[in-house]
Amino acid sequence: MQSTPEPVLLPLSASQIEDLKLASTKMSGAERRAFQAIMTLKYCTGNARLAERLFGWGRYTVQLGLNEQRTGIICQGAQAACSGDKLWEEKHAEVAQAL
């Protein structure tokens, strides 16, 4: 039976870690999760706990990003789905029907 080799962690300097943290803060939502997932796969062998310790990212956010990348399904938050001002026609239905 063929054994798989142990993944080797790539060494990162403190400056590189700070750069990755900064880059992550400039993104939001699915873009941030995708970035964190890619960096976790590259530098932490896909281990969300290690990414949490190394980069200070939320473990559950990283895990969600890894799952989104694996399945190709992007999760939408409640804020994106339910926020925003209602249409004028929805606010004033009676007036809209009269017009």
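The values are calculated or read from the model by the stated rules, or taken from the named source; none is laboratory data. If you're wondering where the values come from, they're calculated on a predicted model, not measured in any experiment. We place every Cβ from the backbone using ideal geometry, glycine too, and count neighbours over all the protein chains shown. The protein model used for the area step is the full one, side chains on, heavy atoms only, and it has no ligands, DNA or RNA in it. Shrake-Rupley method; radii C 1.70, N 1.55, O 1.52, S 1.80 Å.
Overview of results
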| item | result |
| --- | --- |
| With every protein chain in place, the chain: carbon and sulfur % of accessible area (1.4 Å) | 55 percent |
| Area of residue 85 that stays accessible when all protein chains are in place (1.4 Å probe, Å², to 10) | 130 Å² |
| Cα pair distances exceeding 19 angstrom across the chain, given as percent | 55 percent |
| For the chain: accessible area per residue (Å², 1.4 Å) | 77 Å² |
| Top positive-direction residue, dipole computed over the chain with Cβ charges, set 16, 60, 98 | 16 |
| Exposed-site-free run, longest, the chain (rule: trypsin sites (Lys or Arg not before Pro); DSSP loop; at most 11 other C-beta within 10 Å) | 27-85 |
| Most to least accessible of 87, 20 (protein chains only, probe 1.4 Å) | 87, 20 |
| Alpha carbon centroid spacing (whole Å) that separates the range 65-84 from the range 14-48 | 17 Å |
| Heavy-atom accessible area ranking, 1.4 Å probe, most first, across 64, 50 | 64, 50 |
